[in-house]
1. Nearest 5 percent is fine: what portion of the DSSP beta bridges confined to chain A is antiparallel?
2. Would you please classify the overall shape of the protein assembly as shown from the alpha carbon gyration tensor, given that a ≥ b ≥ c denote the square roots of the eigenvalues, rounded means a/c under 1.5, and beyond that prolate means a/b larger than b/c while oblate covers the rest?
3. Most mobile of A:313, A:82, A:303 per a Gaussian network model of chain A (Cα springs, under 10 Å)?
4. Peptide A:253-263: average number of partner chain Cβ atoms within 10 Å per residue?
5. Give me a single rounded figure for B:55-67: the average over its residues of other chain Cβ atoms within 10 Å of their Cβ.
6. In a Gaussian network model over chain A where Cα atoms closer than 10 Å are linked, find which of A:137, A:60, A:222 has the largest mean-square fluctuation.
7. Between helix A:145-157 and chain A, what is the angle of the helix's C-alpha long axis to the longest principal axis, kept within 0 to 90° and rounded to the nearest 10?
8. Run lengths n ≥ 4 of DSSP H only: what is the helix-derived mean residue ellipticity at 222 nm for chain B, with -39500 (n - 2.57) per run over all residues, to the nearest 500?
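Since every read-out is calculated from the coordinates, none of them should be taken as a lab result. As the structure is a computational prediction, the values presented were derived from the model and not from experiment. Neighbour counts are summed over all protein chains in view; Cβ atoms, including those assigned to glycine, are modelled from backbone coordinates with ideal geometry.
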């Protein structure tokens, strides 16, 4: 089966590029003695997670228990969930899953830690726990060093949680001050963090500069995308995931419509909504659900109805999440048809 | 099972509001002698499509053949696809589906019409065809009246297409001039359009003002959403689809994090990313994939970790499309658990 045989729109993964992306960051982490823990939220495909592990990853990260279930079922045991898990239903599910693998979670509040330990202990399960430290993106995470130490002592005391260390997202030069202070305070309190987990795509090749870091979490590196290309930290030539689309309408000489809209690409990142490989001068200036409005006025040769093009999405993680199936290709040959197994498992 | 038993995030559909929304637009269309053809891209759930038909809809619209397959399999026969279908694989699939129901498609170009008729004729199938007329949104559609007449004559001649009329999106006061001129020209050429299909949520209660209109296509009316509320054409009290989310982190007194991010709501429409029913003064100012950053500084009482809230999304069609399951509720009782059967079927 060839790419030309696919109906559109279709999520197409260039396997040579994907493997090169995996190898490149693994080599960097190996060179600097850092563990690489790929975040599978980008691809949600067990076969690709296994490929990352075979290349040398120390484990994976999942953002949701639905993703954890898919990956445990695919035989992957070492999973970090860098997210507060809250609520009885979710914690009972965590307890079941914790007996199937080596799970680590993050917590940023006493209430989260106590509830988790209570439910896990009742079910006879336990997990490792990292404390999430707030970064300058001001998302989740503990904002105060003294509170970090108190929470670490609590985790160390709670029956169903194992103290494993600290976690931050992202880790870059702007953020490391609190990480550094938290690390030192924990060490001085007799709870040196065995794990210091950081990451973030824009900074992935500078993680060796972060003090105390033991592992790097990054997701997008496997495919790269236009957000990274525009940000200057990914390369167009490394972008491995594209949406194969068809020109379905050409109402004027300046405009064509592709069959990939906001339910194929998402509108995230705004216009231009991705990059058309075959027509770099074309601009996708607007998306409806199934229409990509494309300005071709600057193209020396215009695409015509029925022609197929590859679109690199702005944010590959949310684009992949729209598709049930991914097609792995080498050149124009389709060598893998993968269910995007963990997509849509929002809980 | 009660809403409180659901894990989060979860797509929750208020059935009383949904039914009232269905009835309200059906009553308007009945009163004005217009056929209502709901677009199921909003919900993608066969049970809701059947509910729309039982209320009096003349048929449904689907935007993709994947949606058509799901709805044909659910016993719905009269389906309009207001979209150019292009490419051999898609047209062969259309031919198969055309023998299972009464399908109508739109076309806006001679190439699209000829290819379709060729493939359908070879497979012994036929479909009805509407010509899409360009509107002021400048998406797809024929822009020239003389070309509309030529294309209608071609459709009338082609062996596997049945001439059914014209279609436009949206139909409002700004757009109807071309529709009106196209209708008159076709009538004068001996091809009066049996069907004149229009629609568009913002204008749904003014479709009776559009000349020649025979049917109204509208999707979002079944659930309504914040885009419509902000635009002044939907009401907050009619919004029927919400995302049930949990407060998973409260790092400061001003900020909480909900477990519904861009993979639960999408970033479409920008900040504020939806409306929190229980905390109307809270502002979801940023989304990551699984985090909703929420400013609660203006809330007299602040939400706490573990609390659950309902979020009305900005654009309900793309939010529903992220979920595998929808929970239909009356009050706090869950009375239906529906697979979002046609989601992810991008082709």
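1. 45 percent
2. prolate
3. Result: A:303 has the largest fluctuation of those listed.
4. Mean partner shielding for this stretch: 4.
5. Per residue, the average neighbour count from other chains is 1.
6. A:137
7. 70 degrees
8. Rounded to the nearest 500, it is -8500 deg cm²/dmol.
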